[in-house]
Each structure stands twice: as structure tokens, then as C-alpha cells.
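Input: a single structure, listed below in C-alpha cells.
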Amino acid sequence: MNDASRLDKRFAALKAENRPALVTYITAGDPGFETSLDILKGLPAAGADVIELGMPFSDPMADGPAIQKAALRALQSGQTQAQTLELVRAFRREDTQTPLVLMGYYNPIYRYDVERFLDDAVRAGVDGLIVVDLPPEHDDELCLPAAQHGIDFIRLATPTTDAKRLPRVLGNASGFVYCVSVTGVTGGRAPTSQHVERTVGQLREHTHLPIAVGFGIRNTEQAATLGRFSDAVVVGSALVECVERAATPHDAIAAVHGLTRELAEGMRRAR
Amino acid sequence: MPQHSMQPDANGFFGRFGGRFVAETLMPLILDLQAEYDAARGDAEFQRRLAYFQRDYVGRPSPLYFAERLSAHLGGAKLYLKREELNHTGAHKINNCIGQILLARRMGKTRIIAETGAGMHGVAAATVAARFGMSCVIYMGSTDIERQQPNVFRMKLLGAEVIPVTAGTGTLKDAMNEALRDWVTNVADTFYIIGTVAGPHPYPAMVRDFQAVIGRETREQMLAQEGRLPDSLVACIGGGSNAMGLFHPFLGDETVAMVGVEAGGKGVDTGQHAASLNGGTPGVLHGNRTYLLQDEDGQIIDAHSISAGLDYPGIGPEHAWLHEQRRVDYVSITDDEALDAFQLCCRQEGIIPALESAHALAQAVKLAPTLPRDHLMVVNLSGRGDKDMLSVAHYLGEKFQ
């Protein structure tokens, strides 16, 4: 295993700068492999500190309409798990520093075969996994095997995760903790910052891992507000909507990078 | 001797199937539900109220009826029909809904959500929500809304809001995705009444227990009428709740053969079917590991069946386990075979079955002539066919024009 993972190094560096991380989510293969690769390659220069790359799934139960549609676009363009790993490989040829986390649902990984997936993910340069439908009760399915491969397993803490349950949720967590700011699906209503600040405070009593806040964060103002007290802010639906609205692949690339730049500039003024 | 009549383990597994593959937001609630259900099971007052509603509201016990003319017509086994279609709301679905709504009230929930395919579970959920004065939202695929109009109107009459789901192909799996999204958003006040023996633990075992009244009654009734246990049980399977309800109390009886009938659609080899065990592979969807219709990349494939209630790309995890244990024989019946059996039952017995149940009847039509006259076969007549009038008329009209 590496001494310090890309995620650990990145968060340590940002802490030294006293700056929250911008975590950007895009769906792999949306709207097609080549455009998606161009979007991915340009994200670090546009200001993304950590990249979440969605593995498209036909039945994304925890996602709102924006990410559902993104997954559908990707699948219709022929995106597969193997191609998602190929995207990561292609990205890593140019960028060896930016942490990249795959996010999605368990079935496509299970079907690919867990061991083979982890081997291929390590080789491709994946740093972590967020798998929505694997609670800690099922850590032996993927979380523990991932740890053996040196891949971080990022855990979601939600508004329903109470203090009694938190130790279990955080037990095998690594990389960072994803604080889900509202009950609901991705891209829904926005959280109130007072509420999130309290939740992040409670989480800090249970973990030394960096805390990222996500779900329902759409603009620079929200991102900057939440970035004052959290270690990272995740923006997803707003970015994939840029792809949805774009008339051409070129427009999609420009719009995603444009919004990423705005978010990054806003967050640099957060503290 | 292998133990077939098992409870799932602490994580909800029947062998390697089942589990609790849900988002963290739902986990605390699912753990609460399990604790509440465990308490209710041992609570005499809960069981007394459940029995009361089953008797005076649902109309149980449902008859075990000797289908004399159909048996003579087929010229073999002695066919009995378990008349679940005579239940209030016209199907077995109400057995489970009554149980779950009593639990919802114990947990202090005020809002009911449910998914539905054919609309029978939606009607049953809307019915119990009306009876207990709770608000109710039903998610139903837009394709299913089109082919099950009478049930959509029934749900609305009962005060439920029916939300059309256009994602995917607009059938049962898409409705279930949308119900899960609602649940994860409104987790504090909402109880999700899952209609089949699938979903995260404890649903598969809980729904099975509420449906097992079918098998317990069948056992008593057959002993009373024939002085012995049946030789075989036949039931249709979408998610598999009516089949599990009939089978479960007999799993320990080695002499009782069981046949689960999946929807073969246009034929399992055409790719257009809903036969998860006969045409699927293990995977994880909707909170449990089970057999699924999926492609090589783990993407779920849309199911096809003439019967909206069987049009689901998965199956309850306990069925997956019983399949691998070879305790239950799982077969498939095509749309055409089901339609033939549908008409046969109408004309021989004066009973219009649901298209779902017609799949079980079609298997009985195949099996009965090959069996001796003293073979006692029970077919679960899980629902009545009123809801299917429009689609059957459409299909037969198209076919025989």
C-alpha cells in the first residue's frame, strides 16, 4: 500500500493552504466517451481538487433526475464498466496528482467481479470508491477487499445516521467522509448552512477524516458558504445539467469547465 | 436432511441471497422496522388484530375449491384452486398490506407509499391506507397505467395519489426505483409498503410471513377435505409473494412438490420475458441480491410479460435460494399459454382469473394430464381477472381479427 494516498496528500496540502476542496462529479461516458474524456482532462485546470466519476447504472435509486438522465445518456452511448476504467487510465496518462474516486452502485461491480474490478481499478489509477447501496453491514462485499488493494472506501453519513450508528459507519471508512446534507436523492433541495454546520461539527467528534458536504449544492454562493466549515464541497447535478443543456460536445465541455471555474473561484474566497 | 424452512441470517441472507443493499439514509429505518417487526411477531395483541382484520375485513379464510370440471377436462390430477381472488380487493396482496399497515401504525408513521405493477398491490395499499386514515402515494409505471386503467381509477377512488413513472420502460422496476427515491426523501414520516417478497431485509421474510396464511389455510383445508397433504403446489411468480405464501408452510414436507411459474413472455429464448431464474443471473438490485435480468455489464434489462404483475426483472431472494437448493422447481409459461389457460378457466369453472394466476393455471394444464387421478394439486388463484378485461380484449381481438 502507498505511504500516503493521493486523497490524503491532496487534503493535507489544502489544509496547509486553509482552503476547502472542490469535488466535481461527472458521469463517465456522458454524453459519449470522447467528450467525457475531454471534460475529465480539463477539470483539474478548471479548479477541481478531487474528481468523482460516476459509473452509469440503469437503476440509480439514490439519484435525482439530472444524474439519472446522465446515466441514461452514457449507457445509450455504449459506456461500459471497462470503458469507465479506460477513461481513468487515459486521464492518468496526463494527471498523476488529482485524486479520482469512482461513484455508483454495486451491481455493475458485482457483475464485473469484485476482485477483477479492484485489480483493474488499481492499475487504472482509481483512488477511492463511493458505492451508495453498500452500507457497513456489507463491508465484506467490497469495502474490506478494496482496502486490501489500497483503494479508499468513502462512506456516506446522512441526516438519519445517529450518534449510536456513526462509529459503525465510520469504522472502515477512509479517504474522506461524504456528509449527505439532506435526506433525499442527488440534485434535490438545498441544505440550510446552519443545519449542515451542526452536522459537520458532530461528525468531527467521531472522525479525523476530511469531511465533504454534498447533495443539493448548485451554485458558487452555496459552495462558498459550506466551504467555510467543511473540508470539501461536492457539486454534481449542476455540472451534469451543463452537459444536458449543451447543443454540441464542445458546448458541453466549455460549460462544465466554466461552472467548475466559477465554483473554484468562489470557494477560494470562502475563508 | 436439508433445512428449507429457514429464517434469514442477521444480515438478511438466505444462503447468499437477500441482504440489505440500501443507501445509508434508509439503514436506520430498516433496522427500526426489523426491531418493530420482531416485537410485533411476539405480541399477542398485534396478532389478534391481524387475525381480526384478516377475517372480517379481508374475508379469510379463502376457500380451497375442488375444480371438478377443469380436473375432468384435463383428465389427470385432482385440481384444487386456492381462491385468493375472493379476498377483499381481489387478490392475495391485501394479506400483506394489512400486516404492514398495522406495523406502520405501531411505528407512528402517517404516510404510506407503495409501488405497483398490475395495480393489485396499489389497490390493496390504497385500501388499507383509507381504512386507517393515512395519506397514500402509489408509484406506477406509465406503461402499466395504460394497460391497467380500471385499477388506476380504483386507487384514486380510495383516495390515493397515483404518480406515473416514465423512467425506463415505465413498468414495475421503475416504479420501485421511484418509490425508493420518495422513501429516502421522506424517511421520517413515511412507511413503504413493499408488495412482494423482495427488497431489503426484513421485507422478504416479513411479507412472506404475512402471506403464509395462504399455505397454513391450504394445509388445514386439504387435511379436512382429503385427509392428507397435497402432492403438489403451483403458483405464479413475479416477485414471488403469492407463491412464497403458499409454499412456505409446506417447505418441510418432503412429499409436497412445488412449482413456481415465471412469466416466459414471448419465450425465454427470445429475450422478451420476465423469467429471472430461468433466464437471469445473480446480481444486486432494490436492496437484495437475487437472480436478475441483466446484461454482461450489470445493467438491468427490462422484463416483458403480458401480465403487468409479473413484469419484473428480479425475484424474491428466498426463491433464488430455494431454486439453488432445488427444493422448488421453477418453470416458465409464455404469454400465449397463459391466455389459453385464462380462457379455459373462464369456460370450465366460471372463474375469470388474473393474467398472473393464469400462468400458474397454464402450468397445471401441462402437468395435470401426466399425473394419476389421486394426485392432489393446489393451484394458487392469486387474483381475479376483472382488471385484465381491456388488455385481454385487446390481445384476443388483435389475434383473432
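Determine the calculated [θ] at 222 nm for chain B from helices alone, applying -39500 (n - 2.57) to every DSSP H run no shorter than 4 residues and normalising by the residue count; nearest 500 deg cm²/dmol. Please report the intermediate quantities before stating the final value.
On the way: 16 runs with 169 residues, N = 401.
One gets -12500 deg cm²/dmol as the mean residue ellipticity at 222 nm.
Distance distribution P(r), chain B, all Cα-Cα pairs, bin width 20 angstrom from 0: 30, 62, 8 percent. In loop segments of the range A:190-260 as defined by DSSP, the GluC sites (Glu not before Pro) with at most 16 further C-beta atoms inside 10 Å of their C-beta are A:E205.
As a quick test, which of the pairs A:K41/B:K173; B:K109/B:K156; A:K41/A:K69; B:K78/B:K156; B:K78/B:K173 have an alpha carbon distance above 29 angstrom in this structure? Exceeds cut-off: A:K41/B:K173; B:K78/B:K156; B:K78/B:K173. Put simply, chains B and A cover up around 2900 Å² of each other's accessible surface, both sides summed, when a 1.4 Å probe is used. Note: relative contact order over the range B:201-265, using C-alpha pairs below 8 Å and six or more positions apart, is 38 percent. The relative contact order of the range A:5-268, computed from alpha carbon pairs under 8 Å that lie at least 6 residues apart in sequence, is 23 percent. For q = 0.05, 0.06, 0.10, 0.11 Å⁻¹, what log10 I(q)/I(0) does the protein assembly as shown give under the Debye formula with an equal point scatterer on each alpha carbon and no solvent? The computed values of log10 I(q)/I(0) come out as -0.24, -0.35, -0.90, -1.05.
Going by average Cβ density within 10 Å per residue, which order do the peptides B:264-272, B:361-369 take, highest to lowest? Could the numbers behind the result be given before it?
On the way: B:264-272: 16.9, B:361-369: 23.1.
Final packing ranking: B:361-369, B:264-272.
For the range B:258-401, averaging the sequence separation of C-alpha pairs within contact (under 8 Å, six or more residues apart) and dividing by the residue count gives a relative contact order of 22 percent.
Per residue, the range B:1-115 exposes 38 Å² of accessible surface when a 1.4 Å probe is rolled over the protein heavy atoms with every protein chain present.
Return the average number of partner chain Cβ atoms within 10 angstrom of each residue Cβ along peptide B:326-332.
Details: counts 0, 0, 0, 0, 0, 0, 0.
Taking all residues of B:326-332 together, the mean is 0.
For the segment B:281-290, counting C-beta atoms of other chains within 10 Å of every residue's C-beta and taking the mean gives 4.
Nonpolar atom fraction for the protein assembly as shown, defined as the carbon and sulfur part of the 1.4 Å probe accessible area, stands at 50 percent. Counting Cβ atoms of other protein chains within 10 Å of each Cβ in A:57-68 and taking the mean gives 6. Over all orientations, chain A has a Cα convex hull whose mean projected area works out to 12.5 square nanometres.
Sparsely packed loop sites in the range B:196-300 (the GluC sites (Glu not before Pro) outside DSSP H, G, I, E and B with at most 12 other Cβ atoms within 10 Å) comprise B:E254, B:E296. Computed across the range A:114-178, the Kirkwood hydrodynamic radius from all distinct Cα-Cα pairs reaches 12.1 Å.
The values are calculated or read from the model by the stated rules, or taken from the named source; none is laboratory data. What you see is a predicted model, and the numbers here were worked out from it, not measured in a lab. We place every Cβ from the backbone using ideal geometry, glycine too, and count neighbours over all the protein chains shown. What goes into the accessible areas is simple: the full protein's heavy atoms, side chains included, and nothing from ligands, DNA or RNA. Shrake-Rupley method; radii C 1.70, N 1.55, O 1.52, S 1.80 Å.
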